[in-house]
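The values are calculated or read from the model by the stated rules, or taken from the named source; none is laboratory data. Not measured: the values here are computed from a predicted model. Glycine gets a Cβ as well: all are built from the backbone with ideal geometry, and neighbour counts include every protein chain shown. Remember, those area values only see protein heavy atoms, side chains included, never the ligands or the DNA or RNA. Shrake-Rupley method; radii C 1.70, N 1.55, O 1.52, S 1.80 Å.
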Amino acid sequence: YTMKYLEIPASGCLTFMEVTDENYANELGFKDNESAIFINDRNYQEKFEEYIHDQNNKKWEDIANAGRRHVMNNLTNDHAINELVKFMDKLIN
């Protein structure tokens, strides 16, 4: 995965996230159709068409807001530093 997987949802945008066994995006903790829309080489056209044909559906806003909350609560630099401090503390003690 790349930084866009954090930047896009953090800005409050609906995120179409490629999730595959090779990119480890599933490790970020997003949930399909709850905090992001998971796409892959088999379903991306269907997922984009669903959005395009139903853009005013409130579920898209709800998913975008949940994605933003997930990033801000779990994936910020502050969170990463706190996890690093915990890890270092375990190593030292």
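Any idea what the dipole of the chain comes to, in debye rounded to 20, about its Cα centre with Lys/Arg Cβ at +1 and Asp/Glu Cβ at -1? It would help to have the intermediate numbers written out before the result.
Details: 10 positive and 17 negative charges, 72 e Å.
Using only the charged Cβ atoms, the result is roughly 340 debye.
Consider all pairwise Cα distances in the chain and report the whole-number % of them above 22 Å.
On the way: 1459 of 4278 pairs.
Everything past 22 Å amounts to 34 percent.
Mind checking the per residue accessible area of the chain for me, 1.4 Å probe, whole number of Å²? The partial results should precede the final answer.
Working: 6830 Å² over 93 residues.
On a per-residue basis, the chain sits at 73 Å².
So if we plug the beta-carbon distance of residue 40 and residue 11 into 1/(1 + (r/R0)^6) with R0 = 41 Å, what FRET efficiency do we get, rounded to 0.05? Don't skip to the answer; put the middle values down first.
Values: r = 23 Å, r/R0 = 0.57.
Working from the Cβ atoms, E equals 0.95.
Once the dipole of the chain is set up with Lys and Arg at +1 and Asp and Glu at -1 on Cβ about the Cα centre, which of 8, 70, 44 lies farthest towards its positive end?
70
Would you mind telling me the share, in percent, of accessible area of the chain contributed by carbon and sulfur at probe 1.4 angstrom?
Details: 3370 of 6830 Å².
That share works out to 49 percent.
Give the total of Lys-Lys pairs in the stretch 20-93 with Cα-Cα distances below 17 Å; include a pair only if its members are 8 or more places apart or on different chains.
Details: 31/47; 31/59; 47/58; 47/59.
Taking the Cα cut-off of 17 Å, the pair count is 4.
Non-local amide H neighbours of residue 36 (under 5 Å, H modeled in plane, Pro and chain starts lacking H): which ones?
Distant-sequence amide H within range of residue 36: 31.
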